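I have placed the structure first, in the form of structure tokens, so that the comments after it can refer back to it.
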Amino acid sequence: MDEIGLFEAMSTTRAVRRLRADPVPAAAIRRIIEAATWAPTGGNAQPWRVVVVSNTEKKRRLRELYLPAWESYASAHRALLDRMPPVVRATQERMLAAADRLARHFHEVPVILVFCFNPTLMAITDAGLDRPSVVGGASIYPAVQNALLACRALGLGCTLTTLLCAYEPAVKELLRIPGDWYTAAHVPVGFPAGRGHGPLSRRSVGQMAFRDSWGEPLP
């Protein structure tokens, strides 16, 4: 397929949750992971690894963990719908419907990429602050984003999920992940069952950035 430009890829990589069960070529998966390896990491340590899950029984077990986690999350989210403006509510209802389908058919997705990390290989500079630590993610999630962009370039659907991280002990046992490695993200990958990727809806630059001081408009 034709290559797409970087800015087009970034501005059209949606969370594609409706995926077909058709197999994804092994060469495409290797290309996606190669793209992930190009991501920056602290000290070029690359403290992440990925388990490519395609085994039917293992995917079925992941679905058994994922479905109740999603149903619990979705129930709380649906309780907020009545407070939303009609346009926002309609968008959220479509998202929930697609996510419901993904959860029910999680085991039918061709491939699930399980991104793992080892904190002993990371310089987590905010570990001592009185707030949740996020710096370690700087050496993990750029690789995940590269994988998502590669999926977009190859015409594959994908979405970043983290619900299974709450069930990490069970996931580690299932996938035989070593004790000093942990889970950071799970990315279902497959050919889109619907429209797939397309233009994104995001806040404007003026809403997201300031000049020199917080709250000062960016020209």
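For region 59-142, rounded, prolate or oblate, judged on the Cα gyration tensor with a ≥ b ≥ c (square roots of eigenvalues), a/c < 1.5 rounded, else prolate if a/b > b/c? Verdict is oblate for region 59-142. Using a simple spin-label model with pseudo-atoms 7 Å out from Cα toward Cβ, Phe7 and Thr37 lie 3.1 nm apart. Using a probe of 1.4 Å on the protein chains alone, the accessible area found for Asp212 is around 150 Å². Each Lys and Arg contributes +1 and each Asp and Glu -1, all at the Cβ; summed about the Cα centre of region 70-132, the dipole is approximately 220 debye. Excluding ligands, DNA and RNA, the accessible surface per residue across region 142-196 is 40 Å² with a 1.4 Å probe.
Annotation: Met208 carries an accessible surface of approximately 120 Å², with a 1.4 Å probe and no ligand, DNA or RNA atoms counted. Spin-label pair Tyr73-Ala127: with each label point 7 Å from Cα along the Cα-Cβ axis, the two points sit 2.7 nm from one another. Across q = 0.20, 0.23, 0.24 Å⁻¹, region 140-219 modelled as identical point scatterers on its alpha-carbon atoms has Debye log10 I(q)/I(0) values of -0.96, -1.06, -1.09, in the order of the q list. Residue order by solvent-accessible surface for Glu93, Glu57, Glu173 is Glu173, Glu57, Glu93, largest first, with ligands and nucleic acids left out and a 1.4 Å probe. Shown for region 44-83: the carbon plus sulfur share of the solvent-accessible area, taken with all protein chains present and a 1.4 angstrom probe, equals 44%. Of Val189, Val87, the order by accessible heavy-atom surface (1.4 Å probe, DNA, RNA and ligands excluded), from most exposed downward, is Val87, Val189. Using heavy atoms of the protein chains and a probe of 1.4 Å, the accessible area assigned to Phe210 is about 70 Å².
The base-10 log of I(q)/I(0) for the chain, evaluated at q = 0.07, 0.10 Å⁻¹, reads -0.24, -0.51 [Debye formula, identical scatterers on Cα atoms, solvent excluded].
Under the simplified labelling scheme, the Arg203-Ala97 pair shows an inter-label distance of 2.8 nm, with each label point 7 Å from Cα along Cα→Cβ. Using C-alpha pairs below 8 Å separated by at least 6 residues, the relative contact order for region 77-197 is 34 percent.
The values are calculated or read from the model by the stated rules, or taken from the named source; none is laboratory data. Just so you know, these numbers come straight off a predicted model, no measurement behind them. Methodologically, a virtual Cβ is constructed for each residue, glycine included, from the backbone with ideal geometry; neighbour enumeration extends over all protein chains shown. With ligands, DNA and RNA removed, areas are computed over all heavy atoms of the protein, side chains included. Shrake-Rupley method; radii C 1.70, N 1.55, O 1.52, S 1.80 Å.
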